[in-house]
Amino acid sequence: MAEALAKSEFTGTGHAPAKSFELFARPTAKTGLVGWLTTVDHKKIGMLYGGFAILFFLIGGLEALLIRTQLIVPNNRFISAQLYNELFTMHGTTMIFLAVMPLNAAFFNLLVPIQVGARDVAFPRLNAFSLWVWVAGATLLNVGWISHLVPSWNFGGAPDVGWFGYSPLTSKVFTPDLSTDFWVLGIQMLGLSSIVASLNFIVTIINMRAPGLTMMRLPVFTWMALVTSFLLILALPAIAIALVEVMFDRNFGTNFFEVSGGGQPILWQHLFWVFGHPEVYILILPPMGYVSEILPTFSRKPLFGYPIVIFSGVAIGFIGFGVWSHHMFTTGLGTVATAAFAIATMAIAVPTGVKIFNWIGTLWGGHIVTRVPMMFALGFIWMFMLGGFSGIMHAAAPADAQQQDSYFVIAHFHYVLIGGATFALLAAIHFWFPKFFGRMVPEFWGKVSFWLIFVGFNCTFFPMHFLGLNGMPRRTWIYDSNMGWNEGNLFATIGAYLLGLGIFTYFAVLVYSFFKGQKCGNDPWDARTLEWSIPSPPPEHNFAAIPQVHARDAWWYEKTHQEEIAKEKAANIKAEEAHGGIHIPDQSWYPIIAGMGLLFGTYNLAQLKHPVVMFGNQVLGSHAPLAIAGLSIVVLACYLWSLEGPGGYHIHLDADGNAKESGGYHH
Amino acid sequence: MSSHAATIDHHHDSTTSTGIPNKKLLWWAFLASDCMFFGTLISTHLVYRLNPPPGNAIPTQVFNIELTSFSTFILLMSSLLMALAVNAIQRGNVRSTRTMLLGTMFFGCIFLGGQVYEFGHFVHMKHMTLSNSLFGSTFYTLTGTHGTHVAIGVLLLGMMYVRTFKPAAGGGLSMNFLHMLAVAVAAGVAFIVFVPGMIEIIYGAGIGEFLSSHAVPLSVGAAACIAMAWFARQSSTVEFGEKNAIDVEAVGLYWHFVDIVWIIIFTAVYLLEYL
């Protein structure tokens, strides 16, 4: 056992050989700009994901406030119709791909390796690559905004085809400018990032578990991360190919979605939703994981019905691939197909309902402590259920025919994505903030932000149910005053400002806490999972000793069996030290170089056939040479990356737990 | 580490929870994902096959089924060589591994050369382009994506082949780079110029004409082959050995997968038209 323990930080390809191919010396800075750009540490990568995601979350929120301001009164001329199209497209795209998904990715990075008792993910450099490819995609999606500021950068503004980019709107005939090309390649990059990251987490969760940590002892969050990763690798290819087809239609004259050449726009809808529907479970399964961690902690009880919660999550992921056509009930699929998808959609509510009953079962008879994360988690259950109820209404195809593309749908998916996913994420940020920054968030101001968000959210989106049933279509730029929509819209807009104020308060309090929050120890919430057994913030090597897991709530077990655990830990530290110490992989330049090469390449690929103009002079006839140059950088970076090896150094702990590094590769 | 042990268990890695090496699990998960990429492309092709617009290309008038059957056979045989390469390195036989890797790459290049010939032939003789018919759009994107997979496979095998020469003493980055360059150029010339030219000759083109009209790329390719032979001189002990079996096996997984996908594509895109 000790032998296996000593090896369990194994990083995949064995320890580096005595000498590897290196073009230039590997970066060693642990702080400062170079430290962050070249890091392969899952915690730093998680922080970067989180920081970027919160930035885009605020940008997406700002876009929403502009949309709501436009709709505050009838016949408003606050913003132009074109800008309105760009805003709702980018609001949706930003919130899904640049806010909720990367926030989940941030928590995957921060928590999964620690919850499985590992020192990092299976492929640390690949993990850094995912991050930088994500940054490339996010940049590409937003680059069109420059057109509004600098007219000579004529990209035609930000993408304006809606977040699901329905064909034939994406055809060159209808959107001749570059904004759609940037949208296509931006989403493509984000997909690549997610697939690579998911492969990494699948291997990490399946293969890097600490001794004793069987699959049915994994924390629910880690389980949901695993299911989500599988959904990502299986769902994203559909949209990746569909985007390639749009790109070919726009640039190389193919006819996949061009009606004049025999193409069928409905194919885009199918391919998009084959991805798009699993995507909503990609957004909501990790949040179900957060609340499954938070509720037991603040109920002082283990999770009720752990196996069935896991099974329900897997079932949701599985059935989630068989319901995509409920987005297309009004396209005329035929009676049998419509009935089949309606039944599957109702069926998927069953495992979701099972989870909700298990969460209520967890609360039942518990000693409930209403700290801020718990408030958000309870809000999640209630609000997500409301979103689920309107979801069931959509499952009935005849009713859906009335609700399609109305504000009722807007109300539904904001209840599941804000009331569901975002509430759970806000709970999670609050819950794990002390772990990664070592400081508590003030309880009072946390609760103020919760109530502002809760009330503001309901004021904004509850009236939208009625607006939708009264016939207000989504993506409405302007409406007349005699439609009966005035009060609802005014109310919703005021609610949106309140929600904005709540979100501002929430993050302002976090910034304050980062500098001035009360310092905390390892385990301020008396929590259950392994991350609470290590210092706050965690050291680079996570664990002084690889933990031995004895129970589902591993840290609760450790707290009640201290003598047994202390003995095990001492033996494990000794075994690992005898084996050369704790192995930590080296940092690397290549992931970020490859990511930035990809950005340069795709930025030029998007405008392939346009001449390159600098300061008013045409420099090149097309962007092809620059696109090729960018992709060559990627190939070269991957080549050198593959040769440099994982490298690494060892950390040695003295009796007091202080770390000392040694650079040798000895074993 | 186990790499210094006398015997290596190629089917079990004691350092992971499941005993499956991380690298292998990564490839398996990637292949699951790749299935969906091809699934989407094949679906697109089949959907439009059933809904052809007027004036669509007629597949049986375009295809050269004898040639494609031949290149399919070659690709399947490359899997045999790939399996032999894995077997060789599991026995620690680096020399034989190199031979089998080169053989796999060469068969891959014959397949790719067949595709280059086929695409050129379809465009110039049958006048089916990417954009002038929907069949062309779906056919070229699907088989082109598969061809790209094979080309990447050849590149990965090439990197593996070059890596077997890495000296145990360390260093040699520039040597590795030049060697890799020679392999890439030789493979590129083989499937872009040499193999399509050979097929032309089999179909009756003149040898002299082919040699004179492609003199530059052919001589560059020949120079690259000579460079490869020069780089392959065995001078010092190498670092590569039985412990790297998992690396060869991982590339092998990918190679076999790309073969299996071709069986499906060959059936669904080509053979289906002859039923």
**Prompt:** What list of ³J(HN,Hα) values in whole Hz, one per residue of the stretch A:233-239 in order, does the Karplus curve 6.51 cos²θ - 1.76 cosθ + 1.60 (θ = phi - 60°) give from phi, with Gly and Pro shown as x?
**Reply:** 5, 8, 8, 5, x, 4, 6
**On Cα atoms only, tilt of A:624-644 relative to the major axis of chain A in degrees** = 20 degrees
**Fill in**
In degrees rounded to 10, the 0-90 angle between helix A:423-437 Cα long axis and the longest Cα principal axis of chain A is 30 degrees
**Prompt:** What spacing in nm lies between the two simple spin-label points modelled at residue A:662 and residue B:73, each 7 Å away from Cα in the Cβ direction?
**Reply:** 6.1 nm
**Complete:** Taking placed amide H atoms and a strict 5 Å upper bound, the residues 5 or more places from residue A:472 or on another chain that come that close are A:407
**Item:** Cα-centred dipole magnitude for the stretch A:344-459, charges only on beta-carbon of K, R (+1) and D, E (-1), debye, nearest 20
**Value:** 480 debye
**Request:** Arrange the peptides B:203-214, A:104-115 so that the one whose residues have, on average, the most other Cβ atoms within 10 Å appears first.
**Result:** A:104-115, B:203-214
**Prompt:** If contacts are Cα pairs under 8 angstrom and at least 6 residues apart, what is the relative contact order of chain B in percent?
**Reply:** 30 percent
**Request:** With unit charges on the beta carbon (Lys/Arg positive, Asp/Glu negative), name the residue among B:32, B:223, B:173 whose Cα is farthest towards the positive pole of the charge dipole of chain B.
**Result:** B:173
**Fill in**
For the table A:30/A:660; A:44/B:23; A:43/A:301, the rows whose alpha-carbon distance is greater than 20 Å are A:44/B:23; A:43/A:301
**Asked** Once amide H atoms are placed 1.01 Å from N in the peptide plane, what residues at a sequence separation of 5 or more from residue A:620, or on another chain, have their amide H within under 5 Å of its amide H?
**Response** A:612
**Prompt:** So if R0 is 35 Å, what FRET efficiency would residue A:508 and residue A:368 give, r being the distance between their Cβ atoms, rounded to the nearest 0.05?
**Reply:** 0.80
**Fill in**
With Cα coordinates, the longest principal axis of chain B makes an angle with the long axis of helix B:94-124, in degrees rounded to 10, of 20 degrees
**Message:** If I take the Cα coordinates of the protein assembly as shown and project them onto the principal axes, what are the three extents in Å, biggest first?
**Reply:** 85, 75, 58
**Item:** Size of electric dipole in chain B: Cβ of Lys, Arg +1 and of Asp, Glu -1, about Cα centre, debye, nearest 20
**Value:** 420 debye
**Request:** Averaging over all projection directions, find the projected area of the Cα convex hull of the stretch B:191-275 and quote it in nm² with one decimal place.
**Result:** 9.5 nm²
**Message:** Apply the Karplus curve 6.51 cos²θ - 1.76 cosθ + 1.60, θ = phi - 60°, to the phi angles in the stretch B:41-51 and return the couplings in whole Hz, x for Gly and Pro.
**Reply:** 5, 5, 4, 4, 4, 5, 4, 6, 5, 7, 10
**Complete:** Along the dipole axis of chain A (charges at Cβ: +1 for Lys and Arg, -1 for Asp and Glu; origin at the Cα centre), the most positive-end residue among A:645, A:621, A:389 is A:389
**Prompt:** Put +1 on the Cβ of each Lys and Arg and -1 on the Cβ of each Asp and Glu in the stretch A:87-222; which of A:211, A:106, A:174 then has its Cα farthest toward the positive end of the dipole?
**Reply:** A:211
**Complete:** What the Cα atoms of the stretch A:378-502 span along the principal axes, largest first and in whole Å, is 53, 31, 20
**Asked** Which value in deg cm²/dmol, rounded to the nearest 500, describes the helix-derived mean residue ellipticity at 222 nm for chain A, given -39,500 (n - 2.57) per DSSP H run of n ≥ 4 and division by the residue count?
**Response** -20500 deg cm²/dmol
**Complete:** Taking the reciprocal of mean 1/r across every pair of different Cα atoms in chain B, the Kirkwood radius in Å is 20.5 Å
**Message:** Just to be sure I understand the model, the point goes 7 Å from the Cα along the line to the Cβ. What's the resulting residue A:30 to residue A:486 distance in nm?
**Reply:** 6.5 nm
**Asked** Counting Lys and Arg as +1 and Asp and Glu as -1, each charge on the Cβ, what is the dipole of chain A about the Cα centre in debye, to the nearest 20?
**Response** 600 debye
**Prompt:** Under the Karplus relation 6.51 cos²θ - 1.76 cosθ + 1.60, θ = phi - 60°, what is the ordered set of whole-Hz ³J(HN,Hα) values for the stretch A:275-291, x standing for Gly and Pro?
**Reply:** 7, x, 6, x, 4, 5, 6, 4, 6, 9, 5, x, x, 4, x, 4, 5
**Principal axis box of the stretch A:168-295, alpha-carbon based, largest edge first, Å** = 61, 25, 24
**Complete:** Counting only residues 5 or more apart in sequence or on a different chain, those whose built amide H sits under 5 Å from that of residue A:583 are A:651
**Complete:** With a Förster distance of 51 angstrom and the Cβ-Cβ distance between residue A:617 and residue B:225, calculated FRET efficiency to the nearest 0.05 equals 0.70
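A short reminder: the numbers here are calculations on the coordinates, not readings from a lab. Not measured: the values here are computed from a predicted model. Virtual Cβ from ideal backbone geometry, glycine too; neighbours counted across all protein chains shown.
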